[in-house]
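Peer 1: Quick one: structure below, then a few questions.
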Amino acid sequence: MLFNSLPFLIFLPTVVLLYYLLPHRTRWILLLAASYIFYGYWKVEYLSLILASTTVDYFVARYIHSTPSRFHKRFGLALSLITNLGLLVFFKYSGWFIEDVLDPVIGLNEVQLNDFRTAWDFLLPVGISFYTFQTLGYTIDVYYGKAVPEKNPLKFALFVSYFPQLVAGPIERFSHLHQQLFQRVSFQYSNLQHGARLILYGLFIKMCVADNVSPVVDQIFGHSTEADSLQLVIGMLLFGLQIYSDFHGYSLIAIGTAKLMGVNLMGNFNAPYTALSIREFWSRWHISLSTWFRDYLFIPLGGSKAGQVKLGINILIVFLVSGLWHGANWTFVVWGAMHGVAYLIERWVLPERSSRIGSALKWIWTMVIVFVAWIFFRSESIEFGAAYVGLMISNMGEGITLEWDPFLPSIVGIFILSDLLFRNRSIHVWLESKSTLIRWSVYALLLFFITGFAGTIQHPFIYFQF
């Protein structure tokens, strides 16, 4: 069920209304049922995978917590890792393995490959990487004594499947989300106001910015050999804008949806394109994922306490795994490697402190790395990405005729200005400081754009594929 769809427009108010009408002790049952309906709306079969991860981690966590044996604790953790990562690898990476590794060896014909691709498109579950990491983080926390396992299996199932952030995050920690799902929440207008503001702004970002930018990006990337250098640069910049507005919009809607019922999800974005380094970029981009990798991969590998060589290896491992997490393609590995190498250059070569001119140069350096890396993220192959970069530098041809909404530059400009305005604070905090007239003028303007300038084609959220 898409956030920007009619079924969700009916689904959400119904859930919120029932939530406040029901007694406190039964509300979590409503949320569990709503979460399964929300996810099963795509394919009911996908629910079996969530149930499998939920069941394994429920019993494994209780086993780890109850046994005094270090060996048995490690066995339980290994079982959780093998099960969760095994499901993730099987459904997300088996196709890549067969096409890129097995096919060159056994020589599948084109018909067999096409049949396989069609079957695998159906098999890839929506958002499997997100809920897998969420439940896996819970088991690891229990292993290290940072969390006490939930006794009620259905309550744990709600933590795993909570619908606002189920398919694309934010990836929540058990200690932050679990208790909120069962706390006593009284009806407060402030919660509805806060949540509605985030949802409204998120819909504007997704439907007016991302969905209008998407066709232009598709034109340029689809005709990269014919587009001129300027158009290719525009395509690169617009894809960076598209993926940011698409995912940021989703995250705001998810956070706003949870807030309607008094739940505070963690923020996921904070003006990442204002970052002055790759390190700062990742403290502002997909925050829930970057902190997950920090806590559950980087620190267990030794963190920053390791020697310089080991530290460099650890950092590269984290970025390479982050790239693979995003998808089964070598292009994602290249994308992660570019960020990792740039991070190490900043750490070992570039000075930490700088003047205003130095800060400006650092921002340019960061944005060049980020946006060139986006080319490989968007490309279907490394060869295509490399060719795109080469043409972007050298192709001085006549270019192609681009078709876009004449209002698109204005919409993009409004979004960029608003993103700068909300740097280090949310639209909700900003609106709270304004008069009633200004607040309602902003609401009216956002509604005007959503109803009048939303993309004519409904594009799925990009991060649903991860």
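Only the coordinates and a few stated rules stand behind these numbers; no lab work does. Every value quoted in this text rests on a predicted model; they were computed, and no experiment measured them. Positions of Cβ are backbone-derived with ideal geometry, glycine not excepted, and every protein chain shown enters the neighbour counts.
Peer 1: Just need log10 I(q)/I(0) for segment 373-442 at q = 0.16, 0.23, 0.25 Å⁻¹, Debye formula, equal scatterers on the alpha-carbon atoms, no solvent, rounded to two decimals.
Peer 2: After summing over all Cα pairs, the log10 values are -0.83, -1.06, -1.10.
Peer 1: Something else now. Mind running the shape call on segment 129-233? Use the C-alpha gyration tensor, a ≥ b ≥ c as the square roots of the eigenvalues: rounded below 1.5 for a/c, prolate if a/b tops b/c, oblate otherwise.
Peer 2: Since a/c reaches 1.5 but b/c is at least a/b, the shape of segment 129-233 is classed as oblate.
Peer 1: Can you sort Leu124, Leu2, Leu252 so the residue with the fewest Cβ neighbours within 10 Å comes first?
Peer 2: Working: Leu124 14, Leu2 17, Leu252 27.
Going from sparsest to densest Cβ surroundings: Leu124, Leu2, Leu252.
Peer 1: Could you work out [θ]222 nm for the chain from helices alone, using -39500 (n - 2.57) per DSSP H run of at least four and dividing by all its residues? Round to the nearest 500 deg cm²/dmol.
Peer 2: After summing the helix terms and dividing by the residues of the chain, the value is -22000 deg cm²/dmol.
Peer 1: Which percent of Cα-Cα pairs in the chain sits in each 10 Å bin, short to long?
Peer 2: Taking all Cα pairs of the chain, the binned fractions are 4, 18, 28, 28, 16, 5, 0, 0 percent.
Peer 1: Would you kindly work out the equivalent ellipsoid of segment 302-430 from its C-alpha gyration tensor and give its semi-axes, the square roots of five times the eigenvalues, largest first in whole Å? Before the final figure, lay out each step's value.
Peer 2: Working: eigenvalues 175, 115, 56 Å².
For segment 302-430, the ellipsoid semi-axes come out as 30, 24, 17 Å.
Peer 1: Filter Lys43/Lys92; Lys43/Lys206; Lys43/Lys259 down to the pairs with a C-alpha to C-alpha distance above 20 Å, please.
Peer 2: On the way: Lys43/Lys92 16 Å; Lys43/Lys206 24 Å; Lys43/Lys259 27 Å.
In this structure, Lys43/Lys206; Lys43/Lys259 exceed 20 Å between Cα atoms.
Peer 1: Within a 10 angstrom radius of the beta carbon, how do Trp292, Trp365, Trp404 rank from fewest other beta carbons to most?
Peer 2: Values: Trp292 23, Trp365 17, Trp404 13.
With the fewest neighbours first, Trp292, Trp365, Trp404 line up as Trp404, Trp365, Trp292.
Peer 1: Here's something else I'd like to know. For the chain, give the magnitude of the charge dipole about the Cα centre (Cβ charges: +1 Lys/Arg, -1 Asp/Glu; no others), in debye to the nearest 20. Write down the numbers at each step before the final one.
Peer 2: Numbers: 31 positive and 27 negative charges, 527 e Å.
For this selection, approximately 2540 debye.
Peer 1: Where in the chain are the DSSP H helices whose C-alpha atoms run 24 Å or more along the long axis and whose mean Kyte hydropathy is at least 1.6?
Peer 2: 436-453
Peer 1: Please compute the length gained on full extension between Lys155 and Arg279, using 0.36 nm multiplied by the number of residues separating them and subtracting their Cα-Cα distance. Write down the numbers at each step before the final one.
Peer 2: On the way: separation 124, 0.36 × 124 = 44.64 nm, distance 3.66 nm.
Between Lys155 and Arg279, full extension yields an extra 41.0 nm.
Peer 1: OK, next. Using R₀ = 25 Å, calculate the FRET efficiency as 1/(1 + (r/R₀)^6) where r is the Cβ-Cβ separation of Ser441 and Gln193; round to 0.05.
Peer 2: Working from the Cβ atoms, E equals 0.95.
Peer 1: If R0 is 41 Å, what FRET efficiency do you get for Asn424 and Ser69 from their C-beta distance, rounded to 0.05?
Peer 2: 0.30
Peer 1: Give me the net charge of Phe156's neighbourhood, meaning all other residues with Cβ under 11 Å from the Cβ of Phe156; Lys, Arg count +1, Asp, Glu -1.
Peer 2: Here the count lands on +1.
Peer 1: Could you state the orientation-averaged shadow area of the convex hull built on the Cα atoms of segment 190-394, in nm² to one decimal?
Peer 2: Taking the Cα atoms of segment 190-394, their convex hull projects to 13.4 nm² on average.
Peer 1: Taking Cα pairs under 8 Å and at least six residues apart, what relative contact order does the chain come out at, in percent?
Peer 2: 19
Peer 1: I've got another one for you. When a footprinting reagent is the concern and you count Cβ atoms within 10 Å, what order do Thr139, Thr67, Thr54 take, fewest first?
Peer 2: Arranged by neighbour count, lowest to highest, Thr139, Thr67, Thr54 become Thr67, Thr54, Thr139.
Peer 1: Between Ser381 and Thr401, what FRET efficiency comes out of the Förster formula 1/(1 + (r/R0)^6) with R0 = 35 Å and r the beta carbon distance, rounded to 0.05?
Peer 2: 0.85
Peer 1: Let me ask something additional. Which net charge results when you count Lys and Arg as +1 and Asp and Glu as -1 among the other residues whose beta-carbon is under 15 Å from that of Ala444?
Peer 2: Once all neighbours under 15 Å are counted, the net charge is +3.
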